[in-house]
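Peer 1: For reference, the structure I am asking about is given below.
The values are calculated or read from the model by the stated rules, or taken from the named source; none is laboratory data. Computed from a predicted structure; not experimentally measured. Virtual Cβ from ideal backbone geometry, glycine too; neighbours counted across all protein chains shown. Protein only, heavy atoms only, side chains kept; ligands, DNA and RNA dropped before computing areas. Shrake-Rupley method; radii C 1.70, N 1.55, O 1.52, S 1.80 Å.
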Amino acid sequence: MKENLVILGSTGSIGTNTLEVVSKHTDKYKVFALSAHSSVDLLLSQCQEFEPNFVHISDSIHLKRIKTSLEKLNLSTQIISGSSELNELVANEKVDTVVCGISGSAGLESSLQAVKSGKKILLANKEPLVMCGSLFMEMAAKYKSKILPVDSEHNALHQCFSKNENKLISKIILTASGGPFLNTPLKEFKNITLPEALKHPTWVMGPKISIDSATMMNKGLEIIEAMHLFSFKAKQIEVMIHPQSVVHSMVCYGDGSIIAQLSQNDMKIPISYCLGWPKRINSGVGSLNLINQPPLNFLEVSKDRYPCFFLAKNVAEEGDSLPIVMNAANEIAVEAFLNGKVKFKNIHSVIEDVITSHNKQKIRSIEDVFEIDKISRNDAMDQLKRYN
Ligand code: MG
């Protein structure tokens, strides 16, 4: 029997890499459904190649065009739109595995549905863990949903854990490339442009996560992600800059050993690890050539250079509602930067303002999460006006 996959965000970088891996293992996996936001042409060519049972498009304006094109291609794929329809699709009893590749809080609802439906989940978006990590992991345990991390650092950690010795872990080390501004003089930060910020030195990623890598907010979000995924306290998680992005993360054991995972920077590696787990399958990516590799460096994270990271580190330690507030403010601030409405160096100021004006509270339900998220977004929009 083939494993039936639903790929959420099929036209994004996680989605396209997943399909590349799947195309090498069509004896093991069947693409049951694809979901995308608005990249119709790519979605159609994916339908032609993988012939899914369902295709979902979140922007219903494209429905008619997809329908006509699929008819021309003689495909029996059913087309749906709308968020409740997507939830139904994810919950379909024929579905075994859901690849959650929709970035930002837009991917939260469908990820929650996948957990509630007890599916195996390849989690690529951080928001379910950042916004409601405790609730998400409690639900996963309750509904017996297996969560496998696609995020390269967490995937590396998953690979470094030892089945019977995890109690002996003293700390984990997340590595960070340092992004495009690792060596930029601090006095030039005020002039950083969008193309410069989008140009990640070692990974090719979507715009939001590229900016999060440039500010290193991404690594702060990853601390929160790791805390929930693997039940660690913020203090047990260390972050090091590793400009070569060869070591993707490390686990330190009480006996003095450090176990690291090394590989090329290609998301097909963590994706195939998760798809095949507990076995390994071929990703189509070769091993690193260590002889030709430049020397590997590990550096401390600088407070002056990456204020967003230290903000996020504090938020991770404080917990409760703060990660939701920070995540919402960051999404708004980054979007404003992408649209040329705020300067790079002010992304941090907007987030800090929103956090400062919030009164920390306990999170008891998903409704609390959505409520705080909404309030924080509105607050971030207000704060943004001060920096225009
Ligand atoms: Mg990552």
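Peer 1: Any chance you could list the semi-axes, whole Å, largest first, of the equivalent ellipsoid that the Cα gyration tensor gives for region 145-208, using √(5λ)?
Peer 2: Working: eigenvalues 232, 47, 13 Å².
Square roots of five times the eigenvalues give 34, 15, 8 Å.
Peer 1: If you don't mind, there's one more thing I want to ask. Between Glu371 and Glu88, what is 0.36 nm times their sequence separation minus the Cα-Cα distance? Round to one decimal in nm.
Peer 2: That works out to 99.5 nm of additional length.
Peer 1: Between region 338-365 and region 205-284, how far is it from one alpha carbon centroid to the other, in angstrom?
Peer 2: Region 338-365 and region 205-284 have Cα centres spaced 25 Å from each other.
Peer 1: May I pose another question? Within a Cβ distance under 13 Å of Ser58, other residues only, what is the Lys/Arg minus Asp/Glu net charge?
Peer 2: In short, -3.
Peer 1: When N counts the residues of region 3-149, how does its alpha-carbon radius of gyration compare numerically with 2.2 N^0.38 Å, as a ratio?
Peer 2: Computed over Cα atoms of region 3-149, the ratio equals 0.99.
Peer 1: Run the quick spin-label model on Lys28 and Leu296: label points 7 Å from Cα toward the beta carbon, then report their separation in nm to one decimal.
Peer 2: Rounded to a tenth, the inter-label distance reads 2.6 nm.
Peer 1: If packing is taken as the mean number of other Cβ atoms within 10 Å per residue, what is the order of 146-158, 212-224, 361-373, highest first?
Peer 2: Put in order of decreasing packing, that is 212-224, 146-158, 361-373.
Peer 1: Please turn the phi angles of region 332-339 into ³J(HN,Hα) values with the Karplus equation 6.51 cos²θ - 1.76 cosθ + 1.60 (θ = phi - 60°), one per residue in order, whole Hz, x for glycine and proline.
Peer 2: Running phi through 6.51 cos²θ - 1.76 cosθ + 1.60 with θ = phi - 60° gives 5, 5, 5, 4, 4, 5, 4, 8 Hz.
Peer 1: Based on alpha-carbon positions alone, could you give the equivalent ellipsoid semi-axes of region 170-308 from the gyration tensor, as √(5λ), descending, whole Å?
Peer 2: One finds semi-axes of 26, 20, 16 Å for region 170-308.
Peer 1: Same structure, new question: Separation between the Leu42 and Tyr387 pseudo-spin-labels, each 7 Å from Cα along Cα→Cβ, expressed in nm?
Peer 2: Roughly 2.8 nm, to one decimal.
Peer 1: Here is a further query. Share of region 106-256's accessible area from carbon and sulfur, percent, 1.4 Å?
Peer 2: Accessible surface attributable to carbon and sulfur in region 106-256 totals 54 percent.
Peer 1: I've got another one for you. Sequence-distant or interchain residues sharing an amide H contact under 5 Å with Ser263, placed H: which?
Peer 2: So Ser263 has HN proximity to His248.
Peer 1: Calculate one ³J(HN,Hα) per residue across region 182-194 by plugging θ = phi - 60° into the Karplus curve 6.51 cos²θ - 1.76 cosθ + 1.60, and present them in order as whole Hz with x for glycine and proline.
Peer 2: Coupling constants for region 182-194: 4, 10, 6, x, 4, 5, 8, 4, 5, 9, 4, 9, 4 Hz.
Peer 1: Could you pull out every residue, at least 5 positions away or on a different chain, whose amide H is within less than 5 Å of the one on Ser10? Hs are placed 1.01 Å off N in the peptide plane, and Pro or chain starts have none.
Peer 2: Correct list: Ser35, Ala36.
Peer 1: Tyr306: accessible area at probe 1.4 Å, nearest 10 Å²?
Peer 2: Ignoring ligands and nucleic acids, Tyr306 comes out at about 0 Å².
Peer 1: Calculate the length of the line joining the C-alpha centroid of region 119-149 to that of region 286-313, in whole Å.
Peer 2: Taking the Cα centre of region 286-313 as reference, the centre of region 119-149 is 27 Å away.
Peer 1: Amide H of Ile80 versus every other amide H placed in the peptide plane: which residues, excluding those fewer than 5 positions away on the same chain, fall under 5 Å?
Peer 2: Those lying under 5 Å, H to H, from Ile80 are Val55, His56, Ile57.
Peer 1: Next up: Taking R0 as 56 Å, what FRET efficiency do you get between Arg65 and Asn164 from their Cβ-Cβ distance, rounded to the nearest 0.05?
Peer 2: Computed FRET efficiency for Arg65 and Asn164: 0.55.
Peer 1: On a 1.4 Å probe surface of the protein chains, which of Glu335, Glu300 comes out largest in accessible area, and what is the full order? Numbers along the way, then the final one.
Peer 2: On the way: Glu335 110, Glu300 170 Å².
These residues rank, largest area first, as Glu300, Glu335.
Peer 1: In whole Hz, with x marking every Gly and Pro, tabulate ³J(HN,Hα) for region 344-349 from phi via Karplus 6.51 cos²θ - 1.76 cosθ + 1.60, θ = phi - 60°.
Peer 2: Those phi angles translate into 3, 5, 8, 4, 4, 4 Hz.
Peer 1: Per the helix-only calculation at 222 nm, which mean residue ellipticity applies to the chain, given -39500 (n - 2.57) for every DSSP H run of n ≥ 4 and division by its residues, nearest 500 deg cm²/dmol?
Peer 2: The helix contribution divided over the chain gives -13500 deg cm²/dmol.
Peer 1: Among Lys341, Lys279, Lys28, determine the one that fluctuates most according to a GNM of the chain built with springs between C-alpha atoms less than 10 Å apart.
Peer 2: Lys279
Peer 1: Can you work out the accessible area per residue across the chain, with the rest of the protein chains kept in place, probe 1.4 Å, in square angstrom?
Peer 2: 46
Peer 1: How many percent of the alpha carbon pairs in the chain exceed a separation of 32 Å?
Peer 2: So the pairs more than 32 Å apart make up 33 percent of the total in the chain.
Peer 1: Which aspartates and glutamates have a Cα less than 20 Å from the Cα of Lys343, not counting those fewer than 8 places away in the same chain?
Peer 2: Cα-Cα hits under 20 Å: Glu188, Glu196, Asp212, Asp304, Glu331, Glu335, Glu352, Asp353, Asp379, Asp382.
Peer 1: So, one more: What ranking of Leu8, Leu186 comes out by heavy-atom accessible area, probe 1.4 Å, highest first? Walk me through the intermediate numbers first.
Peer 2: Working: Leu8 0, Leu186 80 Å².
Ranking Leu8, Leu186 by accessible area, largest first, yields Leu186, Leu8.
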